[in-house]
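The next block holds one structure in the form of structure tokens; read it before the comments.
No value in this document is a laboratory result; all are computed from the given coordinates. Note that the structure is a prediction, hence the values are computed from the model and not measured. All Cβ positions, glycine included, derive from the backbone under ideal geometry; neighbour counts span all protein chains shown.
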Amino acid sequence: MHTVKGTCHCKAVEFEVDLIDGHQNIRRCNCSMCSRRGAIMAGVTLDRLRITRGEDKLSLYQWNTKIAKHWFCSVCGIYTHHQRRSVPTEYGYNLACIEGIDLAMIGEIGASNGAAQTLVAS
Ligand SMILES: [Zn+2]
């Protein structure tokens, strides 16, 4: 297992993700929120993502069923992570926030069909 660090744009918020076999479940989602956000996300169980700085700077956005929890930095507005509606035991996180990541090196990006799930977020 190894740990990678992520930050929002202004670095007010920092988080760590414990990876077992690299970034998993890399995807985009076509729900009404994620399609606007446009982020490429990866998934991790709740116990393997920690906010290490700026938890008080995070804002929470919820909509529709209010099950998914979408966090973003209240200073710079960047989405950092969310607790998934479809798998509440997992966070999705913004791969582009991970330090040193080269998004061009990511292979195939899966698609979550969130739009088909009665308009709820992934
Ligand atoms: Zn920020």
* Count the net charge of all other residues whose Cβ sits under 14 Å from the Cβ of K66, scoring Lys and Arg as +1 and Asp and Glu as -1. => +3
* **Along the chain, longest interval not containing exposed trypsin sites (Lys or Arg not before Pro), exposed being DSSP loop plus at most 15 other Cβ atoms within 10 Å** => 67-122
* Asked: Quick one: net charge of E108's neighbours, Cβ under 13 Å, K/R +1, D/E -1?
  -> +2
* Asked: When only C-alpha pairs under 8 Å and at least 6 residues apart count, what is the relative contact order of the chain, in percent?
  -> 31
* When the dipole is taken about the Cα centre of segment 1-90, and only Lys, Arg (+1) and Asp, Glu (-1) are charged at their Cβ, what size is it in debye, to the nearest 20? -> 400
* Asked: Once the dipole of the chain is set up with Lys and Arg at +1 and Asp and Glu at -1 on Cβ about the Cα centre, which of A12, G92, S59 lies farthest towards its positive end?
  -> S59
* Asked: Around I51, with a cut-off of 14 angstrom between Cβ atoms, what is the net charge of the other residues, counting Lys and Arg +1 and Asp and Glu -1?
  -> +1
* Structure fact -> Computed over all unlike Cα pairs, the Kirkwood hydrodynamic radius of the chain in Å stands at 14.4
